[in-house]
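Below: the structure, in structure tokens.
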Amino acid sequence: MTNHNFINSLKDGRNVWLNGKKVDITTDENFSGTLQTISQLYELFEDPKQQALVGYLSPQTNEWVHSAFLVPQSYEDVLKRRTAFEAWSKATDGIMSRLSDYARSRLAGWYANRERYRSFDAHFPDKISAYYETARDEHRFLSVVQRDPQVNRAEQASKDIKEAGLLAITKKTEDGVYVNGAKMIGTASPYSHDLIVYPLSKLEESRKALAHMLIVAANSPGLHMVCRESFATDPQNKTDHPLSSQYDEMDAVLIFDNVFVPWERVLLYDTPEGLAHIKADPVSNGLAYHQAIIRLLIKLEFVAAVANEIAEAIGANTYLHVQEKLGELIMQTDTIRALIIASEHEGKLINRNIFVPNFNFIQTARTLGAKYYPRSIEILQLIGAGGFIQLPSSMDDFNTPISGLLKNYFKGANIEAEKRTKLFKLAWDLIGSPLGSRHELYERFYAGDPMLNTAKQYNQYDKQEWKNSLDKYLKP
Ligand SMILES: Cc1cc2nc3c(=O)[nH]c(=O)nc-3n(C[C@H](O)[C@H](O)[C@H](O)COP(=O)(O)OP(=O)(O)OC[C@H]3O[C@@H](n4cnc5c(N)ncnc54)[C@H](O)[C@@H]3O)c2cc1C
């Protein structure tokens, strides 16, 4: 897949619903900026100066493929993965988080650890190997969708499967299975090639129809992707909406209306215990969330850069409390960077040949991100204050008869009016636009409920050393 055919490859009859109609995402202007951004990333694999930065040579085809597929066998391999994630994320300053490298890392992790699942399905290792190689060599764009629709969380585990809208296998044939139900939220699903679908909830044996792991083609008949409203404000206008116009990662609810999935793409079925292992897989989690925290760091660095620029532009950087807030942003980025480095240094071999970053540090960074990002946005607001509203509606206002007045009244402490306006428009896209609000919600929840994640970290922590350290005081 090259940049030339990525967009064309999405012209495949998929059912994407937006604003009351089925849309062709390859021509719909709400998707144009985002698809253009992804196409440019595909271009990196054709650029001799960039190929080795983002990719490695496929052992099958000897062509450059994304390093997210690289199964790390050493510390150096993990660093190679990091370099690719940094380059990929920097292209959008961490704003686009589901550029397939997260889902590809998940897939690489399950593939690497495939023998673990033979006892749940003897065909799992062969099926995932075949799909992994295809996805890697065809540059397939993937997304992961796990969560059940939010109908009634309190009764979800007991309610009738159909009534609760849960995704179940409803029929099995010689060729494959049919599934019905829904999933939320599929970020990037409308422009993915394949969706990796499995449940997050813990399942009892009696609900084994829900316990499946499927690779669903995004153009499967009966699969409907119902998009939220587009935040790609004014897609042709990068100057007034620099982020929204180019980086809106569309989210969708997926409705499966009797969708057929062939057996070779049914990786697991009817196995609550197998699915519990899939969710907790240390290789898949380690590789995927290593990507997620690298992307988080790039985004926090971006917010810090914007906050610093704004403080300087309005002369607020001279105030002690503003310096303290900017210092807090530096502490955020340094903390996440240190946790990334620690996770890599303290990685360990699993199955004697897969080198996985240390998950304790990764999950700490991940959970801190749910607090750090909303706080970083709050700091931007506290520094920029009313300046976010002291803006002309469009940069075009600088081309009107009153441009001389604008140049005088919209300037900053050390910055001329047009540049200051561009800066504050960029910041507004982060803090005040629909895209900005979605990002705050995303960072709070993308990895699951942060409250449950933090409690889980406590519950899984080995507390014996703490106890031992108190023995000298508490032992009789
Ligand atoms: C922008 C965005 C993009 C996303 N993209 C994806 C994606 O690509 N793929 C994907 O799979 N998921 C995605 N998600 C979904 C994400 O995984 C969930 O939002 C997250 O797991 C939280 O679940 P929920 O939203 O269903 O909240 P709910 O579980 O419905 O929680 C609602 C409220 O109830 C409380 N609550 C719920 N259950 C419990 C409980 N057991 N104990 C105590 N309190 C409880 C919660 O704390 C919260 O206050 C995305 C979410 C967002 C916001």
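Would you please put 83-93, 441-451 in order of how densely packed they are, using the mean number of other Cβ atoms within 10 angstrom per residue and starting with the highest?
83-93, 441-451
Please report, in debye to the nearest 20, how large the charge dipole of the chain is about its Cα centre when each Lys and Arg carries +1 at its beta carbon and each Asp and Glu carries -1 there.
1020 debye
Quickly rank 327-333, 32-38, 391-397 as a protection proxy: mean count of other C-beta atoms within 10 Å, highest first. Working shown, then result.
Values: 327-333: 16.7, 32-38: 19.9, 391-397: 14.4.
In descending order of packing, they fall as 32-38, 327-333, 391-397.
How much of the accessible area of the stretch 76-228, in percent, comes from carbon and sulfur atoms when a 1.4 Å probe is used?
Carbon plus sulfur share of accessible area: 47 percent.
Using a 1.4 Å probe over the heavy atoms of the protein chains, calculate the carbon and sulfur portion of the accessible area of the stretch 345-476 as a whole percent. Display every interim value, and only then the final one.
Working: 4420 of 7910 Å².
Ligands and nucleic acids excluded, carbon and sulfur reach 56 percent.
Could you work out [θ]222 nm for the chain from helices alone, using -39500 (n - 2.57) per DSSP H run of at least four and dividing by all its residues? Round to the nearest 500 deg cm²/dmol.
About -15000 deg cm²/dmol.
Give me the net charge of Lys425's neighbourhood, meaning all other residues with Cβ under 13 Å from the Cβ of Lys425; Lys, Arg count +1, Asp, Glu -1.
It works out to a net charge of -3.
Starting from the Cα of Asn152, step 7 Å along the direction of its Cβ; do the same at Ser469; then give the gap between the two resulting points in nm.
4.7 nm
Order the peptides 170-178, 74-82, 104-112, 247-255 from the highest to the lowest mean number of other Cβ atoms within 10 Å of their residues.
104-112, 247-255, 74-82, 170-178
With respect to the cross-link table entries Lys348/Lys467; Lys299/Lys325; Lys21/Lys159, which display a Cα-Cα separation exceeding 22 Å?
Lys348/Lys467; Lys21/Lys159
Take the alpha carbon atoms of the stretch 134-168, find their center, do the same for the stretch 7-80, and report the distance between the two centers in whole angstrom.
24 Å
Once you order the gyration tensor axes a ≥ b ≥ c over the Cα atoms, which shape class does the stretch 281-463 get: rounded for a/c under 1.5, otherwise prolate or oblate by comparing a/b with b/c?
Judged from the Cα gyration tensor, the stretch 281-463 comes out prolate (a/c at least 1.5, a/b above b/c).
Keeping all protein chains in place, calculate the accessible area per residue for the chain (probe 1.4 angstrom), answer in Å².
On a per-residue basis, 45 Å².
Please list the helices of the chain that count as membrane-span-like by this rule: a mean Kyte-Doolittle hydropathy of at least 1.6 together with Cα atoms stretching 24 Å or more along the helix axis, each helix being a complete DSSP H run.
Helices meeting the criterion: none.
From largest to smallest, what semi-axes in whole angstrom does the stretch 27-173 give when each is the square root of 5 times an eigenvalue of its alpha carbon gyration tensor?
For the stretch 27-173, the ellipsoid semi-axes come out as 32, 23, 15 Å.
Across every pair of different alpha-carbon atoms, what Kirkwood hydrodynamic radius in Å does the stretch 3-278 reach?
When all Cα pairs of the stretch 3-278 are included, the Kirkwood radius is 19.5 Å.
Give me the three principal axis extents of the chain from the C-alpha atoms, as integers in angstrom, largest value leading.
74, 72, 51
The values are calculated or read from the model by the stated rules, or taken from the named source; none is laboratory data. If you're wondering where the values come from, they're calculated on a predicted model, not measured in any experiment. Because the Cβ atoms are built from the backbone with ideal geometry, glycine has one as well, and the counts that use them run over all protein chains shown. Please note that ligands, DNA and RNA were not included when accessible areas were found on the heavy atoms of the full protein model with its side chains. Shrake-Rupley method; radii C 1.70, N 1.55, O 1.52, S 1.80 Å.
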